[in-house]
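Visitor: Please read through the structure below; I'll follow up with questions.
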Amino acid sequence: MYQARCISCHNANPKIAGSVGPEIFGASLEVLKVKIQEGAYPLGYTPKRNTHAMPKQSLSDEEIKYLFQYLNAKP
């Protein structure tokens, strides 16, 4: 899912920033869920980049959990 949906803005390696989006390796489930589904950040969160380029995405809670697991996997 990451390769298909995220690397157009984020780097193919989630530990490295992309051309538009920041590195997202280790992102919390809460940040992923709110940013992906609502297009915003959780209250009190300081983003790595001060841009609003990422549109809302139509991912389910289950898909976001899989993405979270991928982004937090240790090689």
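Visitor: When only residues in region 30-75 that are hydrophobic (A, V, I, L, M, F, W, C) and loosely packed, with under 11 Cβ neighbours inside 10 Å count, which is farthest from Pro14 (Cα to Cα)? Before you say what the answer is, go through the steps one by one.
Guide: Narrowing region 30-75 to residues hydrophobic (A, V, I, L, M, F, W, C): 31-32, 34, 36, 40, 43, 53-54, 59, 64, 67-68, 71, 73.
Among the residues that remain, those that are also loosely packed, with under 11 Cβ neighbours inside 10 Å are: 43, 53, 73.
Details: Leu43: 24, Ala53: 17, Ala73: 11 Å.
Among those residues, the one meeting the criterion is Leu43.
Visitor: Residues being under 11 Å from the mean Cα position of the chain (by Cα) and not in a loop (DSSP other than H, G, I, E, B): count how many of those fall in region 23-69.
Guide: Result for region 23-69: 12.
Visitor: Taking the condition part of a loop (DSSP other than H, G, I, E, B), at pLDDT below 90 and exposed (fewer than 14 other Cβ atoms within 10 Å of the Cβ), does Lys15 pass?
Guide: Details: part of a loop (DSSP other than H, G, I, E, B): yes; at pLDDT below 90: no; exposed (fewer than 14 other Cβ atoms within 10 Å of the Cβ): yes.
So Lys15 does not fit the description; no.
Visitor: Where the second residue is surrounded by 11 or more Cβ atoms within 10 Å (Cβ to Cβ) and outside any loop (DSSP other than H, G, I, E, B) and the first is hydroxyl-bearing (Ser, Thr, Tyr) and lies in region 38-53, which pairs have Cβ atoms under 7 Å and are six or more apart or on separate chains?
Guide: Listed by first residue and then by second, the contacts come to Tyr41/Val31; Tyr41/Val34; Tyr41/Lys35; Tyr45/Val31.
The values are calculated or read from the model by the stated rules, or taken from the named source; none is laboratory data. Here the structure is a predicted model, which is why all the values come from computation and not from measurement. Note that each Cβ is placed from the backbone with ideal geometry, even for glycine, and that neighbours are counted across all protein chains shown.
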